[in-house]
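Undergrad: Once you've had a glance at the structure underneath, I'll fire off some questions.
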């Protein structure tokens with residue numbers, strides 16, 4: 001829980017200042033500029049990480065950790081205490097302070113203490129505990145904030161105090177660190193207290209799917225037949241992760257997941273759940289999965305069509321898709337929804353066999369008004385060794401400031417094609 005910010009440094013560099021201000025786009029731009037400068041170690045990233053933690057900009061701290069910040073270079077007294085982090089209710093903040101490089105800073109007794117603190121918050125409820133600590137009867141302001149790169153949490157403010165509602169996810173995380181095996185149903189309950197975009201869902205689903213055991217699988221199957229929409233949605237996510245995290249398509253729980261998801265796709269009526277079910281088939285190539293996807297080609301919900309498009313490509317160990325799947329991708333590349341077109345173009349790119357129908361459809365997308373569509377069309381044409389990717393990449397280059405990570409892979413695919421072509425023409 002926080003009541004005010006930390007003082008700004010007197011001589012902060014631009015990256016640290018942007019991180020302290022919570023300017024995510026500026027942080028990305030500055031990190032991109034550093035790509036073209038001589039390597040100077042991770043000092044700037046580490047200082048920016050420290051500022052982001054001190055200022056509770058947890059999504060920026062999470063990004064900086066991923067891109068080079070070294071928490072070992074930060075003295076413990078420069079960061080929040082683990083108790084403060086747990087009180088804050090931010091799962092990302094707790095994870096930043098317990099990153100593998102510095103986890104040994106905390107003795108087991110301290111981890112157990114903050115685990116009990118997280119349980120207190122979770123069992124009392126965020127609002128109730130916030131009121132108890134402030135003693136205020138005033139209205140609580142609720143907002144939704146990005147907590148890490150992928151997930152959001154609720155943020156509550158009462159008077160001068162602000163706290164996030166991620167204590168259930170924090171509790172789950174700390175139990176894992178302490179090698180405590182939380183019962184399956186308890187993890188599911190914690191997840192379902194929040195919505196699908198909350199960190200609590202991801203924490204519970206990832207842990208359960210990694211257990212690779214009958215208890216977790218039985219829970220997923222039970223959730224599949226629930227009348228409650230949220231329980232079915234969590235079950236679909238759990239089954240999808242069972243398939244995604246499999247070591248091979250022959251693994252027991254991968255086989256079970258594909259069979260269950262295939263049958264489920266024919267029965268599910270809610271489009272949100274159905275989309276999650278179909279996404280569970282997107283990395284498994286085979287006639288059953290393909291037929292299940294094609295059955296929903298004309299679904300009225302764009303999220304379902306996007307899931308179909310994402311699943312109709314080909315995996316790296318198989319160079320073949322059916323004629324029906326190719327025709328479906330041509331249809332989906334002309335879909336009125338932009339995200340459906342992008343997913344279809346990515347899947348068409350993965351086929352990478354120079355099919356004239358597919359390359360013609362991708363080339364037609366080079367004039368689409370959305371830059372994202374143009375970029376993925378460039379990528380697809382490059383994968384199919386189609387020279388039209390080069391001129392289009394020149395037109396779109398360079399990546400927009402702050403979007404290097406998203407856009408560079410598409411443009412670089414075109415440059416790799418051009419280099420290969422040059423080597424073949426002038427060996």
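Undergrad: So for region 159-170 (the condition being over 23 Å from residue 229 (Cβ atoms), in contact (Cβ under 8 Å) with a residue 40 or more places away in the chain, touching a helix residue (DSSP H, G or I) at 6+ places or on another chain (Cβ under 7 Å) and assigned to a helix (DSSP H, G or I)), does at least one residue qualify?
TA: Filtering region 159-170 for residues over 23 Å from residue 229 (Cβ atoms) gives 159-164, 167, 170.
Now drop any that are not in contact (Cβ under 8 Å) with a residue 40 or more places away in the chain, which leaves 160-164, 167, 170.
Adding the requirement that they be touching a helix residue (DSSP H, G or I) at 6+ places or on another chain (Cβ under 7 Å) leaves 161, 163-164, 167, 170.
Those left that are additionally assigned to a helix (DSSP H, G or I): 167, 170.
Within region 159-170, one or more residues are over 23 Å from residue 229 (Cβ atoms), in contact (Cβ under 8 Å) with a residue 40 or more places away in the chain, touching a helix residue (DSSP H, G or I) at 6+ places or on another chain (Cβ under 7 Å) and assigned to a helix (DSSP H, G or I).
Undergrad: Now, a different point. Kindly establish whether residue 50 is buried (at least 20 other Cβ atoms within 10 Å of the Cβ) and more than 19 Å from residue 152 (Cα to Cα). Give the derivation first.
TA: Numbers: buried (at least 20 other Cβ atoms within 10 Å of the Cβ): yes; more than 19 Å from residue 152 (Cα to Cα): yes.
When the stated conditions are applied, residue 50 passes them.
Undergrad: A further question on this structure: Restricting the search to region 54-81, which residues are over 24 Å from residue 404 (Cα atoms) and under 25 Å from the mean Cα position of the chain (by Cα)?
TA: Quick first cut of region 54-81, residues over 24 Å from residue 404 (Cα atoms) only: 54-56, 71-81.
Within region 54-81, 54, 55, 56, 71 qualify.
Undergrad: Would you call residue 261 in a helix (DSSP H, G or I), crowded, with 22+ Cβ neighbours inside 10 Å and in contact (Cβ under 8 Å) with a residue 24 or more places away in the chain?
TA: yes
Undergrad: Within the bounds of region 378-398, is there any residue that is buried (at least 18 other Cβ atoms within 10 Å of the Cβ) and part of a loop (DSSP other than H, G, I, E, B)? Explain how you work it out, then say what you get.
TA: So the first thing to find is which residues in region 378-398 are buried (at least 18 other Cβ atoms within 10 Å of the Cβ), and the list is 378-384, 386, 388-389, 392-393, 396.
Among the residues that remain, those that are also part of a loop (DSSP other than H, G, I, E, B) are: 384, 386.
Yes, that holds for at least one residue.
Undergrad: Tell me the residue from 212, 232 that is at pLDDT below 95, within 22 Å of the chain's Cα centre (by Cα) and over 18 Å from residue 171 (Cα atoms), please.
TA: On the way: 232 fails: at pLDDT below 95.
Just one listed residue meets the conditions, 212.
Undergrad: Still on this structure: Kindly provide the set of residues from region 19-45 that are farther than 21 Å from residue 408 by Cβ and at pLDDT 90 or above, ordered by number.
TA: Passing the criteria: 19, 20, 21, 22, 23.
Undergrad: On to the next question. Would you list the helices (runs of 4 or more DSSP H) that sit entirely within region 88-136 and hold 1 or more residues that are farther than 14 Å from residue 170 by Cβ?
TA: Ranges flagged: 108-124, 126-134.
Undergrad: Going by what's in this entry, would residue 371 be described as closer than 20 Å to residue 333 by Cα and in contact with a helix residue (DSSP H, G or I) (Cβ under 8 Å, 6 or more places away or on another chain)? Show your work before the answer.
TA: Details: closer than 20 Å to residue 333 by Cα: yes; in contact with a helix residue (DSSP H, G or I) (Cβ under 8 Å, 6 or more places away or on another chain): yes.
Criteria met by residue 371.
The values are calculated or read from the model by the stated rules, or taken from the named source; none is laboratory data. Keep in mind that this is a model prediction, so the values were computed, not measured. Neighbour counts run over all protein chains shown; Cβ positions are idealised from the backbone, glycine included.
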